[in-house]
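Read through the structure below, which is laid out as structure tokens, and then see the notes.
The values are calculated or read from the model by the stated rules, or taken from the named source; none is laboratory data. These numbers were taken from a predicted model, which means no experiment stands behind them. Neighbour counts are summed over all protein chains in view; Cβ atoms, including those assigned to glycine, are modelled from backbone coordinates with ideal geometry. SASA here: full protein model, heavy atoms, side chains in, ligands and nucleic acids out. Shrake-Rupley method; radii C 1.70, N 1.55, O 1.52, S 1.80 Å.
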Amino acid sequence: RLTFSIPLLLCSLVWSGYLEYDQDVLIPADWNHVGRVDPTEELELTFALKQQNVNLLEEKLRLVSDPDSPQYVGGLHRLPPKGQELSQEQKQSKEGLHLGVTPAILRTRYNLTAADVGTAQNNSQAVAQFLEQYYHPADLAEFMSMFGRGFQHLSQVDRVVGTQGGGKAGIEASLDIEYIMSTGANIPTWVFTNPGRHESQEPFLQWMLLLSNMSDLPWVHTISYGDDEDSLSTAYMMRINTEFMKAGVRGISLLFASGDSGAGCKHLGKEQNSFRPSFPASSPYVTTVGGTSFKNPYEVTYEVTDYISGGGFSNVFKMPEYQVSAVERYLKTVAATLPPKSYYNISGRAYPDMAALSDNYWVVSNRIPVPLVSGTSASTPVVGGMLSLINDHRLLKGLPALGFLNPRLYKLKGQALFDVTEGCHLGCIDEQVQGKGFCAAPSWDPVTGWGTPNYPALLAVLLA
């Protein structure tokens, strides 16, 4: 039997005086003492109680997410009513010139037709925003007017959870909502807007506690934010992981961008560096999305590595069982060209899990079409939108939503994905690695994961 202690949400306190702390408390190196807090300053604190039976929760997540398990259902609740399966027309990618990535270009590359839009009544998807990034409804409507003419779509968000701020729209927020709603077209979409900070960074735990305390949620959530693993405490990240596992057990898919710094780099001392993984991208309980570019940036061609695509090995979380054989094969295949082992944790959770185009997007922000927008913040909502379309078919057939995708994704071993085998991403700029991190290779790799979606093929295998 699975039991949880009840998480306490938020307490707003007025803190008068100053904070006393034990000398063993870790103070980030780049923090400076600036004096006492003003007695009238209001501090919003999140109390996350220690959870019980986390090992049982992890095992339950494995059982409901592994297609070889007799308990595999994708999630534990909200099984949808049965419906009729939609027809699916497959087509081959077409080459053609373009001036940047738009919904039409994505549909061409990933083999989506005009018929690939949502129709299920009980399907929905979401993006989460942080750091005072807001979208403008007028930008979304303008974007769909310009780029959504070839397929049925929605031009308004279904629900905003939180308070939209005033002022200018953010490129990040605009990108996320415009591309999840144009790829996962005609599917009701929520926006979670999360105020505040955790130690000057995104309040991921506050957001996850909110999700855990809501009974009705979208099936797919995409998040284009992350932090360096070493900038957060292990206890904090583990506590967030517990909430990630709860979401997976409920049948919810969480997708995180892998980051835009390649393997990352941290200076450890004199002539000593290491790669710098990102969290939540490095969590074993989320699906992490890397980035690619067209081989020719102005033609719809095959894809190569986007040099900024985040990827590597966690220094905190061990490698989950579902990916051990894939990662071991990669390490063996490219052993002669790997970076020195001192730069990464060979036994850590490896990421990303899959990828999509992340280079040269068009976005509408503050009513202005903006070209050349790039990053895994673009690829993540694109993949999320396609998973929402697959959920649509599953729900219409009376199947549960996909839930935590990774165990099933790794069992596919690249089936239904375009393998990306060219290019490397960024690493430390030093004499040993000379700016290069890891490189793409056949099958899984820590730059593009298993590759990018061939939508009709992915739909077929995930409906089976």
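For the chain, what is the calculated [θ] at 222 nm in deg cm²/dmol (nearest 500), taking -39500 (n - 2.57) for each run of four or more DSSP H residues and dividing by its residue count? Walk me through the numbers before you get to the answer.
On the way: 10 runs with 115 residues, N = 464.
The helix-only estimate for the chain comes to -7500 deg cm²/dmol at 222 nm.
Give the relative contact order (percent, whole number) for segment 247-347; include only Cα pairs under 8 Å separated by 6+ residues. Intermediate values should be presented prior to the final figure.
On the way: 132 pairs, mean separation 28.0, N = 101.
About 28 percent, as a whole number.
Our note on the geometry: Cα centres of segment 314-365 and segment 156-228, 26 Å apart. By a 1.4 Å probe calculation restricted to protein chains, D359 has an accessible surface near 50 Å², given to the nearest 10.
Amide hydrogen proximity for S278: with H placed 1.01 Å from N in the peptide plane, the residues at 5 or more positions away or on another chain lying under 5 Å are E229.
Size of the dipole of segment 214-351 about the Cα centre, Lys and Arg at +1 and Asp and Glu at -1 on the beta carbon, nothing else charged, in debye to 20? Walk me through the numbers on the way to the answer.
Values: 12 positive and 13 negative charges, 88 e Å.
Using only the charged Cβ atoms, the result is roughly 420 debye.
A simple charge model with +1 on the Cβ of Lys and Arg, -1 on the Cβ of Asp and Glu and nothing else charged puts the dipole of the chain at about 1400 debye relative to its Cα centre. When nucleic acids and ligands are ignored and a 1.4 Å probe is applied, Y322 ends up with an accessible area of around 50 Å².
Taking amide H atoms as placed 1.01 Å from N in the peptide plane, the amide H of A356 lies under 5 Å from those of G290, G291, T292, each 5 or more residues away in sequence or on another chain.
In straight-distance terms, cross-link reach from K246 covers every one of the aspartates and glutamates whose alpha-carbon lies under 18 Å from its own, apart from those fewer than eight places away in the same chain; here that gives E58, E59, D66, D216. At q = 0.15 Å⁻¹, work out log10 I(q)/I(0) for segment 133-206 with the Debye formula, treating every Cα as an identical point scatterer and leaving solvent out; two decimals please. Cα-only, vacuum Debye calculation for segment 133-206: -0.53. Solvent-accessible surface of segment 334-464, averaged per residue with a 1.4 angstrom probe and all protein chains in place: 31 square angstrom. Excluding same-chain neighbours fewer than eight residues apart, the aspartates and glutamates reachable from K332 by a Cα-Cα span under 14 Å are D445. As a quick test, which of the pairs K168/K266; K50/K318; K295/K397 have an alpha carbon distance above 30 angstrom in this structure? K168/K266; K295/K397, as the Cα separations exceed 30 Å there. Binning the alpha carbon pair distances of the chain at 20 angstrom intervals from zero yields the distribution 25, 59, 16, 0, expressed in whole percent. In this structure the amide hydrogen of G398, modeled in the peptide plane, comes within under 5 Å of the amide hydrogens of G83, none closer than 5 places in sequence on its chain. For segment 162-254, applying the loop criterion from DSSP together with a ceiling of 15 other beta carbons within 10 Å to the chymotrypsin sites (Phe, Trp or Tyr not before Pro) yields no site. Projecting the Cα atoms of A115, G437, L255 onto the dipole axis of the chain, where Lys and Arg carry +1 and Asp and Glu carry -1 at the beta carbon, places A115 farthest toward the positive end.
Think of the chain as having a plus end and a minus end, set by charges on the Cβ of Lys, Arg, Asp and Glu; of L412, M354, L209, L412 sits farthest toward the positive end of this dipole.
Label sites at S342 and E299, each approximated as a point 7 angstrom past Cα along Cα to Cβ, lie 4.4 nm apart.
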